[in-house]
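Since the structure comes first, as structure tokens, the remarks are kept for the end.
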Amino acid sequence: MTVEGMECVEIFNSAGKGRGLKATKEFWAGDVIFAETAYAAVVFDNLAHSVCHTCFKRQEKLQRCGQCKFAHYCDRTCQKDAWVNHKTECSAIKKLGKAPNENVRLAARITWRIEREGSGLTEGCLVSIDDLENHVDNFQEEEKNGLMDDVQSFLDYWPSQSQHYSMNYISHIFGVISCNGFTLSDQRGLQAVGVGIFPNLCLVNHDCWPNCTVIFNNGNHEAVKSMYHTQMRIELRSLGKINKGDELSVSYIDFLNLTEDRQKQLKKQYYFDCTCEHCTKKIKDDVLLAVIEGDQKPADSLVKEVVQFSKDTMEKIDKARTEGLYHEVVKYCRECLKRQEPVLAETNIYKLRILSISSEVLSYLQMFEEAADNAKKMVDGYLKVYHPHNAQLGMAVMRAGVTHWHAGLIEVGHGMICKAYAILLITHGPSHPITKDLEAMRAQSEMELRMFQQNEFVYYKMREAALSNKPIQIMQEPNTEAQGTIFNKKP
């Protein structure tokens, strides 16, 4: 297990939180505090044939394992790198006749590694799998039933010749996965594709306004660049100045929620009561519930009515999105925004949620001008709510910039792309594929902006000609999955 930078942190007892990590040196915005490869990781069931089982990159053509017919790889390099973890798994899948679910596969990979190396500390690890929290005692009835199903599936899958473990120990492994499984994304950071266990990351406590962020880097496994191979890993990056002795923190969930809702989510998913400063003082709640001020300030009864209408509309939108009825979604969004406009301020959480969905779906339907207008309003609100170096803010500004670019609004689009680039340089670093993509967009939009400033008429004529020869690329289908949690615990 390769770990970089662990000499820069140490375990300590954090008041009211148990164990935590603190810095042993000073850090600045964008610094990588440590990088950690997965103790074990697996691809999600529904993406097993379209994502590499070694580097977790999405690829059009993957090579299939000739033995189990389940595992898929980019090339021989990734397949060779995977063999130490896949060897036993391969024969177990063949014997069972099918691959079990992702939880069982991950539990088995963890347990096989323990069988090979022992359950103590591995090189570079500050904590062993045995010492990670499992919270099994806190499971609700439904979770306990799911756990028992997974344990039984594990026992059916586990080879008879492998070392045997007690039911309690197997339950512990599943509990660790439930509470500490980290969501892995594809190389563009656009889709969750798998789950892994990173023991050192599990020691970093939550704060709703954290001083660090966690980014997944798929690494480089290309055969033609074998000299420059890097393993897939997570990177804990500093969001600002961190002094020696400061506790390191990340946010387990999206900040864009009211204090009460964040606390409920954290309690339900991670079994603790958040007492961070933002929760204790309910910082930003007034901003997230803001209404129009001045002479036109609406009555409390009207605010209550519009908020309830927004909640009801969100339920209709969720149903329509699930069914792929995107024109229905647009209709609901337009109606809701019209009701919200004279009542809710630009930072109001209910308005921001509708603006986000609206801009995403309108972009997909290639209604770029309306999408850009809504995206601009959304970003203006986000900038007043999120931490200035928040990765989700950076991604949202990037998408808004691209939407403006598609709409031909090159000045605003270029400005947003530059703003997003500045954020992602800190949250993702200059070598991350997303940042590299954004740098290319920045260069392209800068060139187009210069053309626009020299002669608007010529710029639009050239743009029109380019689009007639090459239609605008279809935007990615809107994502209906809940976003904003770093761990794979289901809400």
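The values are calculated or read from the model by the stated rules, or taken from the named source; none is laboratory data. These figures come from a predicted structure and were not determined experimentally. So basically every Cβ, Gly included, is an ideal-geometry build from the backbone, and we count neighbours across all protein chains shown. SASA here: full protein model, heavy atoms, side chains in, ligands and nucleic acids out. Shrake-Rupley method; radii C 1.70, N 1.55, O 1.52, S 1.80 Å.
Quick notes
- Tally of residues being of a type in the set (Gly, Ala, Ser) and part of a strand (DSSP E or B) across segment 1-44: 7
- Test: residue in segment 312-321 that is farther than 30 Å from Glu142 by Cβ and in a helix (DSSP H, G or I): no
- Listed by first and then second residue, the pairs with beta-carbon distance under 7 Å, at least 6 apart or on different chains, first residue in segment 199-216 and under 15 Å from Gly240 (Cβ atoms), second open to solvent by 20 Å² or more (accessible area, probe 1.4 Å) and of a type in the set (Ser, Thr, Tyr), are Asp207/Ser251; Pro210/Ser251.
One line per residue, one yes/no per condition, for (1) free of Cβ contacts under 8 Å to residues at least 12 places away in the same chain; (2) closer than 23 Å to Gly240 by Cβ; (3) assigned to a loop (DSSP other than H, G, I, E, B); (4) of a type in the set (Asp, Glu):
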residue: Asn46; (1), (2), (3), (4): yes, no, no, no
residue: His49; (1), (2), (3), (4): no, no, yes, no
residue: Thr54; (1), (2), (3), (4): no, no, yes, no
residue: Asp81; (1), (2), (3), (4): no, no, no, yes
residue: Lys94; (1), (2), (3), (4): no, no, no, no
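- Among residues of segment 391-402 being out of contact with any His (no Cβ under 8 Å at 6 or more places or on another chain) and open to solvent by 10 Å² or more (accessible area, probe 1.4 Å), the one that is farthest from Leu362 (Cα to Cα) is Gln392.
- A single member of Asp150, Asp81 is modelled with pLDDT under 90, of a type in the set (Asp, Glu) and buried (at least 18 other Cβ atoms within 10 Å of the Cβ), and it is Asp81.
- Here Glu328 meets each of (1) acidic (Asp, Glu); (2) farther than 23 Å from Pro298 by Cβ; (3) under 27 Å from the mean Cα position of the chain (by Cα) with one exception, condition (3).
- Within segment 380-466, helices (runs of 4 or more DSSP H) holding 2 or more residues that are within 30 Å of Ile349 (Cβ to Cβ), of a type in the set (Phe, Trp, Tyr) and within 29 Å of the chain's Cα centre (by Cα): none
- Taking the criterion of being within 21 Å of Asn180 (Cα to Cα), open to solvent by 10 Å² or more (accessible area, probe 1.4 Å) and touching a helix residue (DSSP H, G or I) at 6+ places or on another chain (Cβ under 8 Å), the only residue of segment 256-269 that qualifies is Gln263.
- You will find that of His406, His414, the residue that is over 27 Å from Lys304 (Cβ atoms), open to solvent by less than 40 Å² (accessible area, probe 1.4 Å) and in contact with a helix residue (DSSP H, G or I) (Cβ under 7 Å, 6 or more places away or on another chain) is His414 and no other.
- Across segment 332-342, the number of residues qualifying as crowded, with 24+ Cβ neighbours inside 10 Å and assigned to a loop (DSSP other than H, G, I, E, B) comes to 0.
- Matching residues, segment 359-390, being among the charged types (D, E, K, R) and surrounded by fewer than 23 Cβ atoms within 10 Å (Cβ to Cβ): Glu369, Glu370, Asp373, Lys376, Lys377, Asp380, Lys384
- Hits in segment 32-71 - residues which are surrounded by fewer than 19 Cβ atoms within 10 Å (Cβ to Cβ) and among the basic types (Lys, Arg): Arg58, Lys61, Arg64, Lys69
- Matching residues, segment 343-358, being open to solvent by less than 10 Å² (accessible area, probe 1.4 Å) and either in contact with a His (Cβ under 7 Å, 6 or more places away or on another chain) or within 22 Å of Glu328 (Cβ to Cβ) (or both): Leu352, Ile354, Leu355, Ser358
So that you can scan it fast, the table gives a plain yes or no per residue for (1) modelled with pLDDT under 90; (2) in a loop (DSSP other than H, G, I, E, B); (3) hydroxyl-bearing (Ser, Thr, Tyr):
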| residue | (1), (2), (3) |
| --- | --- |
| Met227 | yes, no, no |
| Asp254 | no, yes, no |
| Asn257 | no, yes, no |
| Thr275 | no, yes, yes |
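- Close pairs (7 angstrom Cβ cut-off, 6 or more residues apart or separate chains): farther than 12 Å from Gly413 by Cα in segment 439-454, β-branched (Val, Ile, Thr) and at pLDDT 90 or above anywhere: Phe452/Ile410
- Some residue of segment 292-301 being closer than 30 Å to Gly181 by Cα, of a type in the set (Lys, Arg) and either modelled with pLDDT of 95 or more or open to solvent by 30 Å² or more (accessible area, probe 1.4 Å) (or both): no
- Residues (in a strand (DSSP E or B), small (Gly, Ala, Ser) and open to solvent by 10 Å² or more (accessible area, probe 1.4 Å)) located in segment 174-208: Ser185, Ala192
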